[in-house]
Amino acid sequence: MPPKVTLIIPTYNRARLLPRALDSALSQDYPALDIIIVDDGSSDNTLEVLAPYLSHPRIRLVSHQHNRGVTAAKNTGLNHLPADTVYFGILDSDDSLYPNAISSLVAAFANGHYSQVFGWCEDPDSGERTGTSSVREGVIRYEDVLCGRFRGEFWQLTRLELLGNLRFDERAGGGEGSVWWPLLKVAPALLIAAVVRDYHRSGTDRVNLPTLTPTGALKKMWVFRSELNAVGEDMRSLCPAQYAAHCLEEAKWACLAGHKADGWRAWRQAICAHRSLRALYMMALFPIPTNLLRRLFALRYA
């Protein structure tokens, strides 16, 4: 019997796009696959769209009473993983997997004791790869992610036995480094050469006007802070420039959220680790009133 894989699909108000993700999961050529859908309090017709799928023996639905955010939905999925799960993956509800994605990743685990096996992702509109790696295929180590040699959008299966109590920071609006990166300290990962997922770029994946609200900016700030809380000391030791860049991102979003004191703290951490022209530019943001700063950034990202 092949090892059990469980796929978590968190969703919120994506009734129009959700079938694409589900159909790609059900079309996998891997037999030992369970699917957990986590509905994060959708107010559209998500439940109506899901109804035909819920009779499938491999699909289970878990629902939040109200919207709690994507990281909370991912954590709910992790907390409902079946006990016999060996590997798990998380698929965004607007993306889709290639038919042999899971079988290709599972097969690669046999090559060594890896915490995760990654495959490439592709933007179906442009045909471009969405991740950057110093190797096309091969071993990915802890220092590779901390130093920026492996970054961007990839898709992976993760060995459940190594996860333990690690969970996503629910204050963050996305960002998964606080979970995936510490696992690489336990065991390296493997990157295979195959493209395994179509990564559809939607408005929620980019900086947009909702992101520039106080709540949205605060969630972005917590993406960087949670990653620094998880691996910041090692990042500063191994790659101080990368650590400083992470701190400056936290500082930027703290300013946009109106949390200037948090921004100053992150900015000081950045310049203590590595001085740069960007840090000087960031210093100029602090005197600007928060509302004006948001308007300026809205123009930049328009």
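Any read-out appearing in this document is the output of simple, stated calculations on the displayed coordinates, not a laboratory observation. Keep in mind that this is a model prediction, so the values were computed, not measured. Ideal geometry is used to build each Cβ from the backbone, glycine not excepted, and the neighbour counts take in all protein chains shown.
Brief remarks follow.
- Using alpha-carbon coordinates, inclination of helix 214-238 to the longest axis of the chain, degrees: 90 degrees
- Angle in degrees between helix 240-256 and the longest Cα principal axis of the chain, rounded to the nearest 10: 80 degrees
- DSSP finds beta bridges in the chain, and of those with both partners inside it, around 40 percent are antiparallel.
- Order of His274, His246 under a 10 Å beta carbon neighbour criterion, fewest first: His274, His246
- Dipole of region 4-204 computed with +1 at Lys/Arg Cβ and -1 at Asp/Glu Cβ about the Cα centre; of Val179, Gly127, Ser43, farthest Cα towards the positive end is Val179.
- Contact order relative to length of region 207-301, as percent, for alpha carbon pairs under 8 angstrom and 6 or more apart: 31 percent
- Total formal charge among the other residues, if their Cβ is under 13 angstrom from that of Gly119, Lys/Arg +1 and Asp/Glu -1: -2
- Within straight-line reach of Lys260, meaning a Cα separation under 17 Å, sit the following aspartates and glutamates at least 8 residues removed in sequence or on another chain: Glu249, Glu250.
- Ordered by the count of other Cβ atoms within 10 Å of each Cβ, fewest first, Cys147, Cys121, Cys272 give Cys272, Cys147, Cys121.
- Computed about its Cα centre, the charge dipole of the chain is approximately 1160 debye, with only Lys, Arg, Asp and Glu carrying charge at their Cβ.
- In this simple spin-label model, placing a label point 7 Å from the Cα along the Cα-to-Cβ direction at both Glu143 and Val62 gives a separation of 3.7 nm.
- Estimated from helices alone, the mean residue ellipticity of the chain at 222 nm is -12500 deg cm²/dmol (sum of -39500 (n - 2.57) over DSSP H runs with n ≥ 4, per residue).
- Restriction of the GluC sites (Glu not before Pro) in region 126-156 to DSSP coil positions whose beta-carbon has at most 12 other beta-carbons within 10 angstrom yields Glu128.
- For the chain, alpha-carbon Rg over 2.2 N^0.38 Å: 1.02
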